[in-house]
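Asker: Let me give you the structure first, and then I'll get to my questions.
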Amino acid sequence: MFFDKQNAVVKRIDLSSSDVLRSSDSLHISYGIDRNFLYGCGISIASILKNNTDINFVFHIFTDYFDDEWERLFKALAYQYNTSLVIYLVDCEQLKSLPSTKNWSYATYFRFIIADYFSNQLDKMIYMDADIMCQGSLNELLHVTFNGDEVAAVVPERDSVWWAKRADALGIPSIEKGYFNAGFLLINLENWSRLNISTKAMELLSQEEVKTKLSFLDQDILNMLLTGKVIYLDKKYNTQYSLNYELQKDKKENPITSSTILVHYIGPTKPWHEWANYETAKPFLDARAASPWRTVPLLKAKSSNHLRYCAKHNIKQQCYTLGLLMYLKYIWGKIAN
(Lines give C-alpha, C1' and ligand atoms only; values in the text may rest on other atoms or scores of the structure.)
Protein backbone atom coordinates (compact mmCIF):
# COMPACT_ATOMS: atom_id res chain seq x y z
CA MET A 1 0.00 0.00 0.00
CA PHE A 2 1.31 3.47 -0.86
CA PHE A 3 -0.33 5.23 2.10
CA ASP A 4 -1.25 4.70 5.73
CA LYS A 5 -5.00 4.06 5.66
CA GLN A 6 -5.26 4.90 9.35
CA ASN A 7 -4.06 8.46 8.68
CA ALA A 8 -5.17 9.12 5.09
CA VAL A 9 -8.87 9.03 6.03
CA VAL A 10 -9.22 11.61 8.78
CA LYS A 11 -13.00 11.38 9.25
CA ARG A 12 -15.82 9.01 8.32
CA ILE A 13 -19.40 10.36 8.12
CA ASP A 14 -22.18 7.78 7.77
CA LEU A 15 -25.24 9.41 6.18
CA SER A 16 -27.10 6.16 5.49
CA SER A 17 -30.85 5.98 5.86
CA SER A 18 -31.82 4.63 9.28
CA ASP A 19 -34.19 2.16 7.59
CA VAL A 20 -31.64 0.70 5.18
CA LEU A 21 -31.18 -3.06 5.17
CA ARG A 22 -27.50 -3.90 4.60
CA SER A 23 -26.90 -7.01 2.54
CA SER A 24 -23.86 -9.15 1.80
CA ASP A 25 -24.70 -8.97 -1.91
CA SER A 26 -24.85 -5.16 -2.02
CA LEU A 27 -23.15 -3.42 -4.92
CA HIS A 28 -20.47 -1.07 -3.56
CA ILE A 29 -19.76 2.04 -5.64
CA SER A 30 -17.07 4.60 -4.81
CA TYR A 31 -16.17 8.12 -5.95
CA GLY A 32 -13.01 10.16 -5.41
CA ILE A 33 -13.68 13.90 -5.80
CA ASP A 34 -12.75 17.43 -4.83
CA ARG A 35 -15.35 20.10 -4.01
CA ASN A 36 -15.90 20.96 -7.70
CA PHE A 37 -17.45 17.55 -8.32
CA LEU A 38 -19.72 17.22 -5.26
CA TYR A 39 -22.75 18.42 -7.24
CA GLY A 40 -22.12 15.94 -10.03
CA CYS A 41 -21.47 13.13 -7.56
CA GLY A 42 -24.86 13.66 -5.91
CA ILE A 43 -26.67 13.48 -9.24
CA SER A 44 -24.61 10.49 -10.38
CA ILE A 45 -25.74 8.58 -7.29
CA ALA A 46 -29.36 9.71 -7.81
CA SER A 47 -29.22 8.49 -11.42
CA ILE A 48 -28.06 5.03 -10.29
CA LEU A 49 -30.70 4.74 -7.58
CA LYS A 50 -33.47 6.03 -9.85
CA ASN A 51 -32.76 3.34 -12.44
CA ASN A 52 -31.89 0.41 -10.15
CA THR A 53 -34.59 0.06 -7.52
CA ASP A 54 -34.01 -3.71 -7.37
CA ILE A 55 -30.36 -3.51 -6.21
CA ASN A 56 -28.99 -2.79 -2.72
CA PHE A 57 -26.17 -0.25 -2.91
CA VAL A 58 -23.51 1.12 -0.62
CA PHE A 59 -21.98 4.40 -1.84
CA HIS A 60 -18.54 5.54 -0.66
CA ILE A 61 -17.47 9.14 -1.36
CA PHE A 62 -13.85 10.11 -0.76
CA THR A 63 -13.31 13.87 -0.74
CA ASP A 64 -11.17 16.58 0.83
CA TYR A 65 -14.07 18.99 1.32
CA PHE A 66 -17.49 18.55 2.91
CA ASP A 67 -19.55 21.16 4.78
CA ASP A 68 -22.92 21.24 6.52
CA GLU A 69 -24.90 22.08 3.37
CA TRP A 70 -23.39 19.19 1.44
CA GLU A 71 -24.08 16.92 4.40
CA ARG A 72 -27.74 18.00 4.37
CA LEU A 73 -28.11 17.29 0.64
CA PHE A 74 -26.38 13.89 0.66
CA LYS A 75 -28.26 12.79 3.77
CA ALA A 76 -31.54 13.81 2.11
CA LEU A 77 -30.51 11.73 -0.94
CA ALA A 78 -29.78 8.67 1.21
CA TYR A 79 -33.14 8.96 2.96
CA GLN A 80 -35.06 9.65 -0.26
CA TYR A 81 -33.85 6.38 -1.76
CA ASN A 82 -33.35 4.47 1.51
CA THR A 83 -29.73 3.68 0.73
CA SER A 84 -26.31 3.43 2.39
CA LEU A 85 -23.99 6.40 1.84
CA VAL A 86 -20.70 7.13 3.61
CA ILE A 87 -18.38 10.13 3.30
CA TYR A 88 -14.62 9.79 3.86
CA LEU A 89 -12.64 12.98 4.42
CA VAL A 90 -9.13 12.49 3.04
CA ASP A 91 -5.81 14.07 3.94
CA CYS A 92 -4.49 14.50 0.42
CA GLU A 93 -1.23 16.40 1.04
CA GLN A 94 0.87 13.52 -0.29
CA LEU A 95 -1.18 13.52 -3.51
CA LYS A 96 -0.62 17.20 -4.30
CA SER A 97 2.96 16.52 -5.39
CA LEU A 98 1.76 14.20 -8.17
CA PRO A 99 1.20 15.43 -11.76
CA SER A 100 -2.05 17.34 -12.39
CA THR A 101 -3.66 19.53 -15.07
CA LYS A 102 -6.32 22.26 -15.18
CA ASN A 103 -8.92 19.56 -15.93
CA TRP A 104 -7.54 16.77 -13.69
CA SER A 105 -6.76 17.68 -10.07
CA TYR A 106 -4.98 15.57 -7.47
CA ALA A 107 -8.41 14.01 -6.73
CA THR A 108 -7.87 11.75 -9.75
CA TYR A 109 -5.50 9.72 -7.55
CA PHE A 110 -8.17 9.07 -4.90
CA ARG A 111 -9.00 5.83 -6.72
CA PHE A 112 -5.72 4.38 -5.41
CA ILE A 113 -6.60 5.32 -1.84
CA ILE A 114 -10.06 3.81 -2.29
CA ALA A 115 -8.74 0.50 -3.63
CA ASP A 116 -6.23 0.19 -0.79
CA TYR A 117 -8.74 1.23 1.87
CA PHE A 118 -11.18 -1.55 1.01
CA SER A 119 -8.65 -4.22 0.01
CA ASN A 120 -9.22 -6.29 3.16
CA GLN A 121 -12.92 -5.52 3.49
CA LEU A 122 -14.55 -6.30 0.13
CA ASP A 123 -14.00 -8.67 -2.79
CA LYS A 124 -14.85 -6.14 -5.48
CA MET A 125 -16.01 -2.56 -5.86
CA ILE A 126 -16.91 -0.13 -8.64
CA TYR A 127 -14.94 3.08 -8.90
CA MET A 128 -16.81 5.68 -10.93
CA ASP A 129 -16.06 9.27 -11.96
CA ALA A 130 -18.64 11.78 -10.72
CA ASP A 131 -19.37 12.92 -14.28
CA ILE A 132 -20.90 9.53 -15.13
CA MET A 133 -24.71 9.34 -15.20
CA CYS A 134 -26.77 6.16 -15.22
CA GLN A 135 -29.84 5.54 -17.37
CA GLY A 136 -30.22 1.76 -17.12
CA SER A 137 -29.75 -1.40 -15.06
CA LEU A 138 -26.41 -2.33 -13.48
CA ASN A 139 -27.62 -5.82 -12.65
CA GLU A 140 -25.20 -7.57 -15.05
CA LEU A 141 -22.25 -6.10 -13.15
CA LEU A 142 -23.24 -8.11 -10.09
CA HIS A 143 -22.34 -11.28 -11.98
CA VAL A 144 -18.90 -10.36 -13.37
CA THR A 145 -16.36 -12.97 -12.28
CA PHE A 146 -12.57 -12.65 -12.26
CA ASN A 147 -10.02 -15.34 -13.02
CA GLY A 148 -6.27 -15.64 -12.52
CA ASP A 149 -4.55 -12.25 -12.33
CA GLU A 150 -7.48 -10.23 -13.67
CA VAL A 151 -7.58 -6.97 -11.70
CA ALA A 152 -10.47 -5.01 -13.19
CA ALA A 153 -13.40 -5.01 -15.60
CA VAL A 154 -13.15 -1.92 -17.82
CA VAL A 155 -14.41 -0.37 -21.03
CA PRO A 156 -12.05 0.09 -24.02
CA GLU A 157 -11.45 3.63 -25.21
CA ARG A 158 -11.75 4.59 -28.90
CA ASP A 159 -10.30 2.04 -31.35
CA SER A 160 -7.27 -0.05 -32.30
CA VAL A 161 -5.56 2.94 -33.97
CA TRP A 162 -5.70 4.82 -30.67
CA TRP A 163 -4.48 1.79 -28.74
CA ALA A 164 -1.43 1.57 -31.01
CA LYS A 165 -0.67 5.26 -30.44
CA ARG A 166 -0.86 4.89 -26.67
CA ALA A 167 1.24 1.70 -26.80
CA ASP A 168 3.94 3.59 -28.70
CA ALA A 169 3.78 6.68 -26.47
CA LEU A 170 3.97 4.67 -23.25
CA GLY A 171 6.51 2.13 -24.49
CA ILE A 172 4.26 -0.86 -23.67
CA PRO A 173 3.67 -2.90 -26.86
CA SER A 174 0.87 -5.03 -25.35
CA ILE A 175 -1.34 -1.93 -24.97
CA GLU A 176 -1.87 -2.30 -28.73
CA LYS A 177 -4.39 -5.01 -27.80
CA GLY A 178 -6.49 -2.61 -25.74
CA TYR A 179 -6.46 0.72 -23.88
CA PHE A 180 -9.23 1.56 -21.40
CA ASN A 181 -10.79 4.65 -19.87
CA ALA A 182 -10.22 4.72 -16.10
CA GLY A 183 -13.41 6.64 -15.30
CA PHE A 184 -15.16 3.33 -14.69
CA LEU A 185 -13.40 0.44 -12.96
CA LEU A 186 -14.97 -2.70 -11.52
CA ILE A 187 -12.03 -3.63 -9.29
CA ASN A 188 -11.03 -7.08 -8.07
CA LEU A 189 -9.73 -5.80 -4.73
CA GLU A 190 -7.97 -9.04 -3.79
CA ASN A 191 -5.80 -9.03 -6.92
CA TRP A 192 -5.28 -5.26 -6.74
CA SER A 193 -3.80 -5.72 -3.27
CA ARG A 194 -1.91 -8.94 -4.04
CA LEU A 195 -0.24 -7.38 -7.09
CA ASN A 196 0.47 -4.16 -5.17
CA ILE A 197 -1.00 -1.94 -7.89
CA SER A 198 -1.18 1.31 -5.88
CA THR A 199 2.45 1.19 -4.76
CA LYS A 200 3.64 0.34 -8.26
CA ALA A 201 1.59 3.24 -9.64
CA MET A 202 3.15 5.70 -7.20
CA GLU A 203 6.61 4.40 -8.00
CA LEU A 204 6.02 5.01 -11.73
CA LEU A 205 4.58 8.47 -11.06
CA SER A 206 7.76 9.41 -9.19
CA GLN A 207 9.98 8.61 -12.18
CA GLU A 208 10.71 11.63 -14.39
CA GLU A 209 11.24 9.50 -17.50
CA VAL A 210 7.78 7.99 -17.03
CA LYS A 211 6.06 11.32 -16.30
CA THR A 212 7.27 12.73 -19.64
CA LYS A 213 5.36 9.94 -21.45
CA LEU A 214 2.03 10.58 -19.72
CA SER A 215 -0.82 12.39 -21.45
CA PHE A 216 -3.63 11.03 -19.27
CA LEU A 217 -1.92 10.83 -15.88
CA ASP A 218 -3.11 7.89 -13.75
CA GLN A 219 -5.19 6.48 -16.62
CA ASP A 220 -1.98 5.92 -18.58
CA ILE A 221 -0.34 4.46 -15.47
CA LEU A 222 -3.20 2.01 -14.92
CA ASN A 223 -3.07 0.91 -18.55
CA MET A 224 0.66 0.29 -18.19
CA LEU A 225 0.20 -1.79 -15.04
CA LEU A 226 -2.97 -3.67 -15.96
CA THR A 227 -2.25 -4.57 -19.57
CA GLY A 228 -3.34 -8.18 -20.04
CA LYS A 229 -5.03 -8.16 -16.62
CA VAL A 230 -8.45 -6.72 -17.46
CA ILE A 231 -11.85 -7.90 -18.64
CA TYR A 232 -13.34 -5.71 -21.37
CA LEU A 233 -17.00 -4.78 -20.95
CA ASP A 234 -19.40 -3.40 -23.54
CA LYS A 235 -19.13 0.36 -24.24
CA LYS A 236 -22.64 0.81 -22.86
CA TYR A 237 -20.98 0.92 -19.42
CA ASN A 238 -18.82 3.93 -20.27
CA THR A 239 -20.23 5.81 -23.27
CA GLN A 240 -18.17 8.99 -23.52
CA TYR A 241 -19.56 12.31 -24.70
CA SER A 242 -18.22 15.85 -24.37
CA LEU A 243 -20.79 18.64 -24.17
CA ASN A 244 -18.20 20.75 -25.97
CA TYR A 245 -18.91 18.66 -29.07
CA GLU A 246 -22.04 20.83 -29.30
CA LEU A 247 -19.77 23.71 -30.35
CA GLN A 248 -18.44 21.91 -33.42
CA LYS A 249 -19.68 22.95 -36.82
CA ASP A 250 -19.87 19.32 -37.90
CA LYS A 251 -21.05 17.90 -34.60
CA LYS A 252 -20.11 14.33 -33.76
CA GLU A 253 -22.88 11.78 -33.87
CA ASN A 254 -24.46 11.41 -30.44
CA PRO A 255 -23.34 8.00 -29.10
CA ILE A 256 -25.94 8.01 -26.30
CA THR A 257 -28.71 5.60 -27.25
CA SER A 258 -31.53 3.78 -25.46
CA SER A 259 -29.13 0.88 -24.79
CA THR A 260 -26.52 3.11 -23.14
CA ILE A 261 -26.33 2.44 -19.39
CA LEU A 262 -23.58 4.78 -18.19
CA VAL A 263 -22.96 8.15 -19.89
CA HIS A 264 -19.55 9.66 -19.18
CA TYR A 265 -19.47 13.46 -19.69
CA ILE A 266 -15.80 13.98 -20.48
CA GLY A 267 -14.22 17.40 -21.03
CA PRO A 268 -14.32 20.67 -19.05
CA THR A 269 -18.02 21.44 -19.58
CA LYS A 270 -20.14 19.30 -17.25
CA PRO A 271 -23.93 18.89 -17.23
CA TRP A 272 -24.13 20.67 -13.85
CA HIS A 273 -22.81 23.88 -15.45
CA GLU A 274 -25.58 26.34 -16.27
CA TRP A 275 -24.34 26.79 -19.85
CA ALA A 276 -24.69 23.04 -20.63
CA ASN A 277 -28.23 23.50 -21.90
CA TYR A 278 -28.51 20.64 -24.41
CA GLU A 279 -30.66 17.59 -25.05
CA THR A 280 -27.55 15.44 -24.60
CA ALA A 281 -27.49 16.47 -20.91
CA LYS A 282 -30.91 14.84 -20.37
CA PRO A 283 -29.63 11.83 -18.32
CA PHE A 284 -28.23 14.31 -15.80
CA LEU A 285 -31.28 16.60 -15.83
CA ASP A 286 -33.69 13.68 -15.34
CA ALA A 287 -31.72 12.46 -12.31
CA ARG A 288 -31.40 15.98 -10.88
CA ALA A 289 -35.18 16.36 -11.05
CA ALA A 290 -35.48 13.18 -8.95
CA SER A 291 -33.01 14.31 -6.27
CA PRO A 292 -32.60 16.87 -3.45
CA TRP A 293 -30.64 19.01 -5.97
CA ARG A 294 -33.77 19.71 -8.06
CA THR A 295 -34.02 23.23 -6.57
CA VAL A 296 -30.27 23.84 -6.26
CA PRO A 297 -29.08 26.18 -9.05
CA LEU A 298 -26.67 24.84 -11.64
CA LEU A 299 -23.11 26.10 -11.24
CA LYS A 300 -21.93 29.39 -12.74
CA ALA A 301 -18.61 29.92 -14.51
CA LYS A 302 -15.80 31.06 -12.22
CA SER A 303 -12.43 29.95 -13.61
CA SER A 304 -11.07 31.52 -16.80
CA ASN A 305 -11.39 28.15 -18.56
CA HIS A 306 -15.08 27.92 -17.65
CA LEU A 307 -15.77 31.57 -18.51
CA ARG A 308 -14.35 30.95 -21.98
CA TYR A 309 -16.53 27.89 -22.58
CA CYS A 310 -19.56 29.56 -21.01
CA ALA A 311 -19.19 32.40 -23.53
CA LYS A 312 -18.89 30.01 -26.46
CA HIS A 313 -21.91 27.96 -25.43
CA ASN A 314 -24.08 31.02 -24.81
CA ILE A 315 -23.30 32.33 -28.28
CA LYS A 316 -24.02 28.86 -29.72
CA GLN A 317 -27.40 29.01 -27.92
CA GLN A 318 -27.99 32.51 -29.37
CA CYS A 319 -27.72 34.18 -25.96
CA TYR A 320 -25.44 36.82 -27.48
CA THR A 321 -25.52 39.45 -24.71
CA LEU A 322 -24.69 36.92 -22.01
CA GLY A 323 -22.05 35.36 -24.24
CA LEU A 324 -20.37 38.73 -24.76
CA LEU A 325 -20.47 39.43 -21.03
CA MET A 326 -18.77 36.09 -20.29
CA TYR A 327 -16.09 36.84 -22.89
CA LEU A 328 -15.43 40.23 -21.26
CA LYS A 329 -15.16 38.58 -17.84
CA TYR A 330 -12.78 36.02 -19.31
CA ILE A 331 -10.57 38.68 -20.91
CA TRP A 332 -10.57 40.81 -17.77
CA GLY A 333 -9.54 37.81 -15.71
CA LYS A 334 -6.64 37.09 -18.07
CA ILE A 335 -5.49 40.74 -17.89
CA ALA A 336 -5.80 40.84 -14.10
CA ASN A 337 -3.64 37.73 -13.77
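Asker: What is the percent carbon and sulfur in the accessible area of the chain, measuring with a 1.4 Å probe over the protein chains and ignoring ligands? Present the calculation step by step, with values, prior to reporting the outcome.
Answerer: Working: 7640 of 15720 Å².
The C+S portion of the solvent-accessible surface of the chain is 49 percent.
Asker: By per-residue mean of other Cβ atoms within 10 Å, what is the highest-first order of 127-138, 314-325?
Answerer: On the way: 127-138: 23.0, 314-325: 14.2.
Going by the mean number of other Cβ atoms within 10 Å, highest first, we get 127-138, 314-325.
Asker: So what is the diffusion coefficient of the chain in µm² per second by Stokes-Einstein at 4 °C and 1.567 mPa s, using a Kirkwood Rh over Cα pairs? If you can, show how the numbers build up before the last one.
Answerer: Details: Rh = 20.8 Å.
Rounded, D is 62 µm²/s.
Asker: Between Glu150 and Asp250, how many nm apart are label points set 7 Å from Cα along the C-beta direction?
Answerer: With each label placed 7 Å out from Cα toward Cβ, I get 4.0 nm.
Asker: What is the Å³ per residue value for the convex hull set by the Cα atoms of region 155-292?
Answerer: On the way: hull volume 22.0 nm³, N = 138.
Cα convex hull per residue, to the nearest whole number: 160 Å³.
Asker: Also, quick follow-up: Toward the positive end of the charge dipole of the chain, about the Cα centre and with charges on Cβ (Lys, Arg +1; Asp, Glu -1), which of Tyr265, Cys92, Phe57 goes farthest?
Answerer: About the Cα centre, the residue reaching furthest to the positive side is Tyr265.
Asker: Per DSSP H run of n ≥ 4, the term is -39500 (n - 2.57); total these for the chain, divide by its residue number, and report the mean residue ellipticity at 222 nm rounded to 500 deg cm²/dmol.
Answerer: The per-residue figure over the chain is -10000 deg cm²/dmol.
Asker: Taking the highest mean first, how do the peptides 142-154, 217-229 order by number of other beta carbon atoms within 10 angstrom per residue? Don't skip to the answer; put the middle values down first.
Answerer: Values: 142-154: 15.8, 217-229: 20.6.
Highest to lowest by the protection proxy: 217-229, 142-154.
Asker: Another question about this same structure. Can you say what percent of the DSSP beta bridges in the chain, counting only those with both residues inside, are antiparallel? Round to 5. Provide the component values of the computation, followed by the final result.
Answerer: Numbers: 17 of 40 bridges.
Bridges in the chain are about 45 percent antiparallel.
Asker: Distance in nm between label sites at Ser137 and Glu69, each 7 Å beyond Cα in the beta-carbon direction?
Answerer: Here the answer is 3.9 nm between the modelled labels.
Asker: Let me ask another. Quick check: Cα centre of region 5-40 to Cα centre of region 118-149, how many Å?
Answerer: So the two Cα centres are separated by 15 Å.
Asker: Give, in whole angstrom and from largest to smallest, the semi-axes √(5λ) of the equivalent ellipsoid of region 116-176, with λ running over the eigenvalues of the Cα gyration tensor.
Answerer: On the way: eigenvalues 139, 63, 32 Å².
Computed over region 116-176, the values are 26, 18, 13 Å.
Asker: Which trypsin sites (Lys or Arg not before Pro) from region 19-100 combine a DSSP loop assignment with at most 11 other Cβ atoms within 10 Å?
Answerer: Details: sites: Arg22, Arg35, Lys50, Arg72, Lys75, Lys96; in loops: Arg22, Lys96.
Hits after loop and neighbour filter: Arg22, Lys96.
Asker: For the chain, what is the charge dipole size about the Cα centre, in debye to the nearest 20, if Lys and Arg each add +1 at the Cβ and Asp and Glu each add -1 at the Cβ? It would help to have the intermediate numbers written out before the result.
Answerer: Values: 37 positive and 37 negative charges, 241 e Å.
So the dipole magnitude of the chain works out to roughly 1160 debye.
Asker: Any chance you could check the Cα centroid distance between region 296-337 and region 156-192 for me, in angstrom?
Answerer: Between the Cα centre of region 296-337 and that of region 156-192, the gap is 35 Å.
Asker: With the cut-off at 28 Å, tell me which of the pairs Lys165/Lys200; Lys177/Lys213; Lys235/Lys270; Lys50/Lys329; Lys211/Lys249; Lys165/Lys229 have Cα atoms farther apart than that.
Answerer: Details: Lys165/Lys200 23 Å; Lys177/Lys213 19 Å; Lys235/Lys270 20 Å; Lys50/Lys329 38 Å; Lys211/Lys249 35 Å; Lys165/Lys229 20 Å.
With Cα atoms farther than 28 Å apart: Lys50/Lys329; Lys211/Lys249.
The values are calculated or read from the model by the stated rules, or taken from the named source; none is laboratory data. The model shown is predicted, which means the values in this text are computed figures rather than measured ones. Cβ: placed from backbone, ideal geometry, glycine included. Neighbour counts: every protein chain shown. We work out accessible area using only protein heavy atoms, side chains counted, and drop any ligands, DNA or RNA first. Shrake-Rupley method; radii C 1.70, N 1.55, O 1.52, S 1.80 Å.
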